[in-house]
Amino acid sequence: MTERPSIISIKSITKRFGNVVTAVDDVTLDIQEGEFFALLGPSGCGKTTLLRMLAGFEIPSEGTISIDGEDMEGVDPNRRPVNMVFQSYAVFPHMKVFDNVAYGLKVTGVAKGEISERVEEALSLVQLDGFGDREPDQLSGGQRQRVALARALVKRPKVLLLDEPLSALDAKLRGTMQLELVRLQQTVGITFIIVTHDQDEALSMADRVAVMETGIVRQIAPPSELYEYPASRFVADFIGKMNLFEGQATSFQDGVLGVAIAGLGDLEVPHDADISGEIGIAIRPEKLRVTLEQPGESCICFPAVLDNVAYHGSESHMFFTTDAGAKLTATVQNETRTRAPVSAGDRLWVSWILGDTLVLAE
């Protein structure tokens, strides 16, 4: 992604609630102008608290937040160049669609003629042309969410904050709205910051993702880098499915790291630095190959018993136990499977190439 000027600068932000809970712990990050940025993590990791501090609904205990070059300390939410879309939509049920979208402009004294023009423009952006006279109870969940987006965009903020905006939608509609949000962000060209616990949502929409755990940002990277090169055990386990094992580094020579892992034995894997002590070894399920015969080429391979097969349409998940007791999960594409049918109890070979092994020091 081309480097762009930063529109948001967060420096050493910490948020404590009382003397017990540290919701956000010393977070520093910059968000670029026109970027689609995701805050991703499990419930309670601090991502929504961080978003609310950007909006001005929470006051940092320590640190600074600058938006478009201006320090936000003491700046009220309604004076910040941001707008927020909540997961509950917050559409006024007693107002028609037009009046819902126009509300923020009316209370700030925008001229009537300009209000009409800007509301129609906002409704067109979210593909609700002609819906101005409808009541909220005449709309679907997806349409109500579009109204909420239009109401936020009509004020022309420099940054749009989205707090789990799709969580109330069903799975199919959520997928459609993910594409719509990406289209919308590219159309208006402003910075979008989305909070989500859904890894697929973050990976499919964002230019960059910050993964949070217990108030701490563990890694910030584009989606492909997060998936292929996680920086820690937490990120590896949280982003997608992963075979993750605890091991002990035993040696290092000429770019080869020796590792002892319970259930897998002694492995030699490529690595660019010497590591000592406990480490994690990880391999994505789709990187595993399943064969009837032992692979002949250079790879890491184990004989294993197939415990179960879970069919998922285009792919199947195969669950194995190695002879030494380790559990492995392989994902195979059903349309490309050319081997003979297998069933629980069969002994097979599970393998992966050396370069697909992830070494995790954290």
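When you go through Leu184, Leu160, Leu123 one by one, which is the residue that is at pLDDT below 90, in contact with a helix residue (DSSP H, G or I) (Cβ under 9 Å, 6 or more places away or on another chain) and of a type outside the set (Ser, Thr, Tyr)? On inspection, the qualifying residue turns out to be Leu184.
Quick check on my filter: what residues within segment 150-170 are under 18 Å from Leu39 (Cβ atoms) and hydrophobic (A, V, I, L, M, F, W, C)? Scanning segment 150-170 gives Ala152, Val159, Leu160, Leu161, Leu162, Leu166. Taken over segment 137-177, residues that are farther than 22 Å from Leu50 by Cα and either touching an Asp or Glu at 6+ places or on another chain (Cβ under 7 Å) or among the small types (Gly, Ala, Ser) (or both) amount to 6. When the residues of segment 189-210 are filtered to those that are of a type in the set (Val, Ile, Thr) and under 16 Å from Val235 (Cβ atoms), the one that is modelled with the lowest pLDDT is Thr196. Candidates in segment 41-81 are the residues that are surrounded by fewer than 17 Cβ atoms within 10 Å (Cβ to Cβ) and of a type in the set (A, V, I, L, M, F, W, C); of these, the one that is nearest to the chain's Cα centre (by Cα) is Phe57.
Is it the case, given these coordinates, that Leu153 is touching a residue at least 12 places away in the same chain (Cβ under 8 Å) and over 26 Å from Ala171 (Cα atoms)? Even if it seems obvious, please write down each step before you answer.
On the way: touching a residue at least 12 places away in the same chain (Cβ under 8 Å): yes; over 26 Å from Ala171 (Cα atoms): no.
Criteria not met by Leu153.
Just for segment 323-362: of the residues that are hydroxyl-bearing (Ser, Thr, Tyr) and at pLDDT 90 or above, which one is surrounded by the fewest Cβ atoms within 10 Å (Cβ to Cβ)? Don't jump to the end; show me each part of the working.
Start the filter on segment 323-362 by keeping residues that are hydroxyl-bearing (Ser, Thr, Tyr), which leaves 329, 331, 336, 338, 343, 351, 357.
Next, only the ones that are at pLDDT 90 or above stay: 329, 331, 351.
Numbers: Thr329: 20, Thr331: 17, Ser351: 19.
Among those residues, the one meeting the criterion is Thr331.
Go through segment 251-284 and report how many residues are crowded, with 18+ Cβ neighbours inside 10 Å, among the hydrophobic types (A, V, I, L, M, F, W, C) and not in a strand (DSSP E or B). Count: 1.
In this structure, is Gly104 over 17 Å from Ala152 (Cβ atoms), touching a strand residue (DSSP E or B) at 6+ places or on another chain (Cβ under 9 Å) and either assigned to a strand (DSSP E or B) or touching a residue at least 40 places away in the same chain (Cβ under 8 Å) (or both)? Working first, answer last.
Values: over 17 Å from Ala152 (Cβ atoms): no; touching a strand residue (DSSP E or B) at 6+ places or on another chain (Cβ under 9 Å): yes; either assigned to a strand (DSSP E or B) or touching a residue at least 40 places away in the same chain (Cβ under 8 Å) (or both): yes.
Here the answer is no, as Gly104 does not meet what is asked.
Within segment 132-168, being under 21 Å from the mean Cα position of the chain (by Cα), in a helix (DSSP H, G or I) and of a type in the set (A, V, I, L, M) holds for one residue alone: Leu149. Within segment 164-177, take every residue that is surrounded by 20 or more Cβ atoms within 10 Å (Cβ to Cβ) and out of contact with any Leu (no Cβ under 6 Å at 6 or more places or on another chain) and give me the one that is nearest to Val101 (Cα to Cα). Out of the qualifying residues, it is Pro165.
Here's the yes/no breakdown for (1) in contact with a Pro (Cβ under 9 Å, 6 or more places away or on another chain); (2) farther than 27 Å from Ala202 by Cβ; (3) without any contact (Cβ under 8 Å) to a residue 24 or more places away in the chain:
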| position | (1), (2), (3) |
| --- | --- |
| Asp25 | no, no, no |
| Asp30 | no, no, no |
| Ala38 | yes, no, no |
| Thr48 | no, no, no |
| Ser61 | no, no, no |
| Asp71 | no, yes, yes |
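The values are calculated or read from the model by the stated rules, or taken from the named source; none is laboratory data. These numbers were taken from a predicted model, which means no experiment stands behind them. Here the Cβ is made from the backbone with ideal geometry for all residues, glycine too, and neighbour counts use every protein chain on show.
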